[in-house]
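**Student:** Submitted below is the structure of interest, expressed as structure tokens.
No lab work stands behind these numbers, since they all come straight from the coordinates. These numbers were taken from a predicted model, which means no experiment stands behind them. A quick note on method: Cβ atoms are made from the backbone with ideal geometry, for glycine too, and the neighbour counts reach across all protein chains shown.
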Amino acid sequence: MQKIFIILFFTTVIISCEKSIQKEPNIIPEDAFNILKEKYSLTGMDYSVNLSENKTMLEKIIKEDFPNWHIENLLDFSACIVYRFSITDIKVIAIPYLENQNKFQVITYNEISGQIINSHSKWIEVSIDNNGNGTVFLSSTDNIIEFKKIEFLNGRILNPSIAMKPEINNSVKSFHFCQAESGESFQDCFEREVHEFCDDWVSTVAFYTNPQIPVLIATMCTCEFNE
């Protein structure tokens, strides 16, 4: 009888722990976040931010790039991710879709003296499982719907367009929001940035279990801002 009670007790604890884990957002491990902080001048990510009060402004930005899609009706403005940077004044906000929490409408803009300028909107969907299998989809902006697709298999990008080589230039570079090097396409930039980020076990696991990381990398490889 005592054995049955112990088994039932631990079963209850395990089930309750699993439920609590599922309810918590994926928080990036400190080691992985330090990579983002150093590389992208990132100071923090604010999770589950309610931007309902800014809904009108954000909807206007979305409609400029997707005038016929009515995307604004599909978004959860109460659970946004806000990326904070220490240097640039560019704002990045990822708004999850109501029916798919791995799909985000990503808005980037400059705010100067309370005025929104140079705004862009795109959607990014990260469908990668914990084993590193899946895809990253990205839509282009400027009212031209063009889909970009990066496929992953067992933690590797399928059919990479560039040869992955370790960085040999360790000199300090000034921060630019656009991470693409001269002549690089979006896919080239994304592949290189992923390769550089996933340089150890912690950062690799973080990449595949935290969609906000590939969302940030994809956003910074689109290079929509002239710096």
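**Student:** Where nothing but the Cβ of Lys and Arg (+1) and of Asp and Glu (-1) is charged, how large is the charge dipole of the stretch 28-221 around its Cα centre, in debye to the nearest 20? Write down the numbers at each step before the final one.
**Tutor:** Values: 15 positive and 27 negative charges, 25 e Å.
Rounded to the nearest 20 debye, it is 120 debye.
**Student:** For F66, list long-range residues whose amide hydrogen, built 1.01 Å from N in the peptide plane, is under 5 Å from its own amide hydrogen.
**Tutor:** none
**Student:** State which entries of K37/K91; K122/K148; K39/K103; K37/K148; K63/K148 exceed 18 angstrom in Cα-Cα distance in the structure shown. Intermediate values should be presented prior to the final figure.
**Tutor:** Values: K37/K91 16 Å; K122/K148 11 Å; K39/K103 24 Å; K37/K148 26 Å; K63/K148 20 Å.
Among K37/K91; K122/K148; K39/K103; K37/K148; K63/K148, the Cα-Cα distance tops 18 Å for K39/K103; K37/K148; K63/K148.
**Student:** Skipping prolines and chain starts, which residues have an amide H placed within reach, meaning under 5 Å, of the one on N133, given they are 5 or more residues away or on another chain?
**Tutor:** N154, G155
**Student:** Can you sort M45, M57 by how many other beta carbons sit within 10 Å, fewest first?
**Tutor:** Values: M45 21, M57 13.
Going from sparsest to densest Cβ surroundings: M57, M45.
**Student:** Could you order the peptides 69-78, 205-214 from most to least packed, using the average number of other C-beta atoms within 10 Å per residue? Don't jump to the answer; show the numbers that get you there.
**Tutor:** Working: 69-78: 15.8, 205-214: 21.1.
In decreasing order of mean packing, 69-78, 205-214 become 205-214, 69-78.
**Student:** While we're on this one: Describe numerically, in nm with one decimal, the distance between label points set 7 Å from Cα along Cα→Cβ at N131 and at T209.
**Tutor:** Output for this residue pair reads 1.7 nm.
**Student:** What net charge do the residues around A94 carry, taking every other residue with its C-beta under 14 Å from that of A94, with Lys and Arg at +1 and Asp and Glu at -1? Intermediate results must be reported in sequence, preceding the final value.
**Tutor:** Details: positive: R84, K91, K103, K122; negative: D46, D76, E125.
My count for the surroundings of A94 gives +1.
**Student:** I'd like the Karplus ³J(HN,Hα) series for the stretch 88-100: coefficients 6.51, -1.76, 1.60, θ = phi - 60°, whole numbers in Hz, and an x wherever there's a Gly or Pro.
**Tutor:** 6, 9, 6, 9, 10, 10, 10, 9, x, 7, 4, 9, 8
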